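The structure under discussion appears below in the form of structure tokens.
The values are calculated or read from the model by the stated rules, or taken from the named source; none is laboratory data. A quick note: this is a predicted structure, and the numbers were derived from the prediction, not measured. Glycine gets a Cβ as well: all are built from the backbone with ideal geometry, and neighbour counts include every protein chain shown.
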Amino acid sequence: MSTEHIDLADYGFTVDRYPTLDIPDGLLPGRITAAHRGLFTAVCPLGELSARLRGSFLHGAESAGDYPAVGDFVLLRADPGGQSLIERVLPRFSKFSRPDYSGHAAGYVKTILEQVVAANFDWVFFMTSLNNDYSAERVERYLAAAWQSGAQPAVLLTKSDLCPDSERYIYEIEGHSPGTPVFAVSALTGDGLEGVRTLLTSGTTAIFLGMSGVGKSTLVNALAGRDLMDTRAIREDDGRGRHTTTHRELFRLPSGALVIDTPGMRELSLWDADDGLDAAFSDVTRYMEGCRFSDCKHQNEPGCAFQQALHDGLVTQERYEGYLKLRREAGFTNDKAAYAQSKRERNKNIAKFTKNRGKATW
């Protein structure tokens with residue numbers, strides 16, 4: 001590991017992020033740059049270090065969502081010659097989470113846990129290819145997750161050199177998500193990359209998300225001006241690719257911007273995305289807010305502003321059905337997650353009661 005001095009401001013750690021932070025003696029602030037099955041790479045003022053979780057941290061965590069993720073700012077006990085200890089994860093100002101269906105069997109989901117993919121980023125760059133794998137529904141899903149993260153989303157339509165009419169897709173997405181930057185880009189020709197670079201200013205962190213084969217690694221290499229990531233060709237039969245990135249990792253670009261690259265996803269499930277759905281479907285929800293009754297079901301109730309908007313063509317039936325579908329999915333995940341959290345709390349209280357009972361003297 002590198003032991004050269006590092007200015008953490010170059011990695012996004014600034015006083016205004018944590019103005020009241022009190023760092024105990026013997027600890028240093030750091031940022032997680034890679035995670036490999038319980039082992040972490042972190043940067044701190046002493047350089048780049050290998051780190052693991054302190055035992056007391058493991059026992060004190062309420063859920064898997066409390067564990068460090070790539071991009072997290074942490075306090076650690078540095079050991080440049082060995083393995084440092086992560087003592088505490090600092091509060092996150094943004095995070096991207098998805099459900100972890102680790103407790104399912106025979107098609108029945110027993111437990112849904114939160115899996116934090118990455119944390120503390122300013123931009124979510126959702127990438128979708130302009131080949132035959134393009135899906136408007138997938139764009140809606142990712143935008144909902146992006147808005148929920150607490151960061152600003154942007155859409156990168158990759159492989160624009162394969163699409164003669166990329167402006168049509170830009171117009172479609174901008175119409176559904178006002179204020180979201182949309183770029184048609186080609187890592188092969190360089191088209192659109194300058195627009196992306198204007199968002200990647202020094203000290204800014206962006207996470208890149210997308211299906212496998214969408215060209216994430218190729219684009220990161222193009223933005224860096226050198227090969228940071230391995231790349232593979234997509235399959236010719238369906239236009240999709242195999243996983244190139246196998247873990248999450250944070251890179252620093254020559255511009256000073258920070259990029260979190262993630263493994264390609266076959267599909268993205270939503271986690272606690274109510275606010276994100278409202279933001280991603282603002283063209284739908286703003287008419288619902290104008291209904292006469294606050295509990296309007298938007299079906300046959302009198303004074304339903306949403307049904308009037310449908311009739312007037314201000315909202316399409318397709319967009320409404322997409323909204324309802326993602327709402328149902330998010331509701332299912334939230335209900336299962338709430339049950340799992342309640343069960344964990346109950347088991348924890350039982351264990352605590354049993355332990356205290358064993359200590360009692362009669």
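Residues being basic (Lys, Arg) and either surrounded by 20 or more Cβ atoms within 10 Å (Cβ to Cβ) or not in a helix (DSSP H, G or I) (or both): count how many of those fall in segment 148-199. Even if it seems obvious, please write down each step before you answer.
In the first step, residues of segment 148-199 are kept if they are basic (Lys, Arg); the result is 159, 168, 197.
Those left that are additionally either surrounded by 20 or more Cβ atoms within 10 Å (Cβ to Cβ) or not in a helix (DSSP H, G or I) (or both): 159.
Here the count works out to 1.
If you go through segment 313-339 and keep only what is exposed (fewer than 12 other Cβ atoms within 10 Å of the Cβ), among the acidic types (Asp, Glu) and at pLDDT 65 or above, you end up with Glu318, Glu321. The residues of segment 2-25 that are closer than 15 Å to Leu46 by Cα and under 23 Å from the mean Cα position of the chain (by Cα), listed by number, are Leu8, Ala9, Asp10, Tyr11, Phe13. Could you list, in sequence order, all residues of segment 200-227 that are assigned to a loop (DSSP other than H, G, I, E, B) and over 16 Å from Ala146 (Cα atoms)? Once the filter is applied, which keeps residues that are assigned to a loop (DSSP other than H, G, I, E, B) and over 16 Å from Ala146 (Cα atoms), segment 200-227 yields Leu200, Thr201, Ser202, Gly203, Thr204, Ser212, Gly213, Val214, Gly215, Gly225, Arg226, Asp227. When you check Thr205 against the structure, is it crowded, with 22+ Cβ neighbours inside 10 Å, among the hydroxyl-bearing types (Ser, Thr, Tyr) and modelled with pLDDT of 60 or more, yes or no? It is true that Thr205 is crowded, with 22+ Cβ neighbours inside 10 Å, among the hydroxyl-bearing types (Ser, Thr, Tyr) and modelled with pLDDT of 60 or more. Gly82 meets each of the listed conditions (1) assigned by TED's automatic domain parsing to the domain that holds Asp25; (2) at pLDDT below 85 apart from (2). Scanning segment 219-253 for residues that are surrounded by 20 or more Cβ atoms within 10 Å (Cβ to Cβ), of a type outside the set (A, V, I, L, M) and modelled with pLDDT of 75 or more yields Arg248, Glu249.
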